[in-house]
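The values are calculated or read from the model by the stated rules, or taken from the named source; none is laboratory data. Note that the structure is predicted; figures quoted are calculated from it, not measured. Neighbour counts are summed over all protein chains in view; Cβ atoms, including those assigned to glycine, are modelled from backbone coordinates with ideal geometry. Surface areas here come from the heavy atoms of the whole protein model, side chains and all, with no ligands, DNA or RNA. Shrake-Rupley method; radii C 1.70, N 1.55, O 1.52, S 1.80 Å.
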Amino acid sequence: MLKTISHIKNKILDMIYKGHKRSVQAKKHILASFLIKGMSLLIGFLMVPLTIEYVQKEQYGIWLTLYSIVAWFSFFDIGLGHGLRNKLAVAFANKDMEKARIFVSSTYAILGVIFLVVLLLFFLVQPLLDWQAILNTDTVDADQLRLIALATFSFFCINFVLKLIYSIYLADQRPANSGFYNLLSNLTALVIVFVLTQTTQGSLLYLALALGLCPLVILTISSIYMFRGRYRSISPSFRHISIPQFKELMNLGVRFFIIQISAIVIFSTDNIIIAQVLGPAEVPAYAVAHKYFGLITAAFAIVSVPFWSAYTEAYVNKDMDWIYSTNKKLIKIWAALVALSAVMLTISPTFYHIWVPEIEVPFVLSILICLYVNILAWGNIFVVFINGVGKIKLQMILGSIGAIINIPLSYFFASGLELGSSGVIIASIICIAYGPLIAPIQFKKITSGAARGIWNQ
């Protein structure tokens, strides 16, 4: 028995440590990320019924909708997070730590200024906003909604700047680090919400404070620890803030910025449209199905994310053999996840009944979301390479078109054709066409050296 266990252990270690150094690094972090993400997802599943128990179904829908609105403001980073990731990966590949520190310092400085201005503007404008109308509810007092919005937005802005440490982890091909600190944040939030259920009456304000304060504390600790340790040589300083390097970041960052806006419109408007067309009470059913099949998206992200910066390094070093080999492996992993999603779809009604018995999820909605996450994952096989090498102009243009048609298309399917929540996800499938249809063609053109014009920009 011990011999068999030892043999299995050696096989696993051989599988992990076999191959190119770049692949070994990726495999170690993929394995660690699966363990970390698995625990984070478990916490997320536990958080849903706990939160519904604390604030009730409709108020939970209000919270989901409010956070979707606040998430729109992430586009104010003007793509600097992704730009930093790519430029930092190149600097790491060239072992240029001085340039890396300039990129880090400049990004923290400009992003801090941007979000400070945005936060001040929000404080000035928000008294004029009718949050009850925006969230289509009268079950929560208007003054309380205003306070909740202020708290949620303030934490969002501060945490967004602090999350730049995650871009550094990713550029350094260490995604498990960001996953670990996310896990700590989620676990802390779960404990606090549980304590709230035992000690207070249901309060959206307390919920907003708990879910905003936890990541702020964890991100602050993470940043201080890493900049005093592994990343001391690239820690941000006023002396290393550089306008010319900021312009270099902006050239790439603006394109990522436009892609981010498109993604926010496509991925973050669903809850709001459902709330407006069908009412906040219908949002939880969509959110529950999305979180369930989001396991597929999360699993593929864990596998693919480490390869973004690895692709950057490989492309800088012209290692095309490794790029082709990695792409084929990602396709095999995607096929396995498609099979897993089919099993998940089959058991979904039973799972929903056990998990959140008070929420009824139409089976057709589950089918469409299952289809959606698999189409999205297929596109991401190729998009992760294209993002890594920074050839994103075509993605930017087609993503913008998808964003423009997303909201009217969602309203048309959901309300005009009376398809409800299912219509919203159909619109999203149409609007992400670049990834599954065009990205594979662009990948082949770039890697074969045949990319010209917009295909190579």
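Say we look at the stretch 308-321 and pick out the residues that are in a helix (DSSP H, G or I) and open to solvent by 20 Å² or more (accessible area, probe 1.4 Å); which of these is farthest from Ser341 (Cα to Cα)? If we take residues in the stretch 308-321 being in a helix (DSSP H, G or I) and open to solvent by 20 Å² or more (accessible area, probe 1.4 Å), then Val316 is farthest from Ser341 (Cα to Cα).
Is there a residue being of a type outside the set (Ser, Thr, Tyr), in a helix (DSSP H, G or I) and within 25 Å of Leu394 (Cβ to Cβ) anywhere in the stretch 282-300? Within the stretch 282-300, one or more residues are of a type outside the set (Ser, Thr, Tyr), in a helix (DSSP H, G or I) and within 25 Å of Leu394 (Cβ to Cβ).
I'd like to check something: does the stretch 29-39 contain any residue that is modelled with pLDDT under 80 and not in a helix (DSSP H, G or I)? So far as the stretch 29-39 goes, no, none of its residues is modelled with pLDDT under 80 and not in a helix (DSSP H, G or I).
Scoring Gln457 on the criteria (1) under 30 Å from Val90 (Cα atoms); (2) open to solvent by less than 20 Å² (accessible area, probe 1.4 Å) leaves a single failure, condition (2). Of the set (1) over 17 Å from Met396 (Cα atoms); (2) of a type in the set (A, V, I, L, M); (3) open to solvent by less than 40 Å² (accessible area, probe 1.4 Å), all apply to Leu417 but (3). Consider the stretch 228-280 and keep the residues that are open to solvent by less than 30 Å² (accessible area, probe 1.4 Å) and of a type in the set (Phe, Trp, Tyr). The one that is farthest from the chain's Cα centre (by Cα) is Tyr231.
Total residues in the stretch 153-175 satisfying the condition of being assigned to a helix (DSSP H, G or I) and open to solvent by 10 Å² or more (accessible area, probe 1.4 Å): the figure is 12.
Ala403 fulfils the conditions (1) more than 27 Å from Leu88 (Cβ to Cβ); (2) open to solvent by less than 20 Å² (accessible area, probe 1.4 Å); (3) in contact with a Leu (Cβ under 9 Å, 6 or more places away or on another chain) except for a single criterion, (3). Residues of the stretch 112-152 that are among the hydroxyl-bearing types (Ser, Thr, Tyr) and either open to solvent by less than 50 Å² (accessible area, probe 1.4 Å) or without any contact (Cβ under 8 Å) to a residue 60 or more places away in the chain (or both): Thr137, Thr152.
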